[in-house]
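The values are calculated or read from the model by the stated rules, or taken from the named source; none is laboratory data. These numbers were taken from a predicted model, which means no experiment stands behind them. All Cβ positions, even for glycine, are placed from backbone atoms using ideal geometry, and neighbour counts span all protein chains on display. Please note that ligands, DNA and RNA were not included when accessible areas were found on the heavy atoms of the full protein model with its side chains. Shrake-Rupley method; radii C 1.70, N 1.55, O 1.52, S 1.80 Å.
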Amino acid sequence: MNIKAKLVDKEGLDRILTRIAHEILEKNKGSKNLVLIGMRTRGEFLAKRLQKKIKEIEGVELPFGVLDVTLYRDDFRTRLKQPQVSVSDITFDINEKDVILVDDVLYTGRTVRSALNALMDFGRPATIQLCILVDRGHRELPIRADFVGKNIPTSLNEEIKLKVEEFDGEDAIYLVEAEKK
């Protein structure tokens, strides 16, 4: 990984998540009908942190689940060599709930499209609101986030790499050179 710049550190990431938690509560007029679903892998850790922040603000612990979209991806057979398939873990009813779908980086929109398909297998939510830590542009599908931590426009030869303490051993957002394909 050729790092071009460290864009956000641990404290900055915490501030972004605090702001997003407040925005979610403001838009939904509280936490009454909300559930949090994090997209595996890093989205689940971001959603767990948002759950904690919302509990600190509202005193309510929102239902929390994890969604794995590997088998729903449109490049499942063509691009992924040995896909790591995990199990989604949503143990509560999402019917008529306001689902906050959390992921780390929004790029083409294809992963989000996969997530929408996967969520429909669990029920029919009242709304699905997309929460993204970083929007880097270059959309291929008409998908936009409801909650965005940072807009970081990138060139096609750049990528955004989020690192979270729980998985990577540090909290940071990096701008890196894209790997050659």
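If only residues of the range 18-55 that are free of Cβ contacts under 8 Å to residues at least 40 places away in the same chain, open to solvent by 40 Å² or more (accessible area, probe 1.4 Å) and part of a loop (DSSP other than H, G, I, E, B) are counted, the one that is nearest to Ala145 (Cα to Cα) is Lys29. In the set (1) surrounded by 15 or more Cβ atoms within 10 Å (Cβ to Cβ); (2) within 25 Å of Glu11 (Cβ to Cβ); (3) in contact with an Asp or Glu (Cβ under 7 Å, 6 or more places away or on another chain), the condition left unmet by Gly109 is number (2).
Taking the options Arg144, Arg139, name whichever one is more than 13 Å from the chain's Cα centre (by Cα), charged (D, E, K, R) and over 13 Å from Ile20 (Cβ atoms).
After applying the criteria, what remains is Arg139.
Restricting to the range 1-16, name every residue that is under 16 Å from Ile152 (Cα atoms) and surrounded by 12 or more Cβ atoms within 10 Å (Cβ to Cβ). Answer for the range 1-16, where residues must be under 16 Å from Ile152 (Cα atoms) and surrounded by 12 or more Cβ atoms within 10 Å (Cβ to Cβ): Lys4, Lys6, Leu7, Val8, Asp9, Gly12, Leu13, Ile16.
Out of Ile94, Ile143, I need the residue that is touching a Gly at 6+ places or on another chain (Cβ under 6 Å), part of a loop (DSSP other than H, G, I, E, B) and touching a residue at least 40 places away in the same chain (Cβ under 8 Å). Which one?
Exactly one residue qualifies, and that residue is Ile94.
Checked across the range 153-172, the condition of being within 19 Å of Gly38 (Cα to Cα), in a helix (DSSP H, G or I) and in contact with a strand residue (DSSP E or B) (Cβ under 8 Å, 6 or more places away or on another chain) holds for no residue. Scanning the range 56-81 for residues that are modelled with pLDDT of 95 or more, assigned to a loop (DSSP other than H, G, I, E, B) and either hydroxyl-bearing (Ser, Thr, Tyr) or farther than 16 Å from Val102 by Cβ (or both) yields a total of 2. If you check Ala178, Ala118 for being more than 13 Å from the chain's Cα centre (by Cα) and surrounded by fewer than 18 Cβ atoms within 10 Å (Cβ to Cβ), only one passes: Ala178. Of the numbered criteria (1) out of contact with any helix residue (DSSP H, G or I) (no Cβ under 8 Å at 6 or more places or on another chain); (2) loosely packed, with under 13 Cβ neighbours inside 10 Å, the one Phe167 fails is (1).
Please go through the range 4-17 and pick out each residue that is in a strand (DSSP E or B) and touching a Lys or Arg at 6+ places or on another chain (Cβ under 8 Å). Hits for the range 4-17 are Leu7, Val8.
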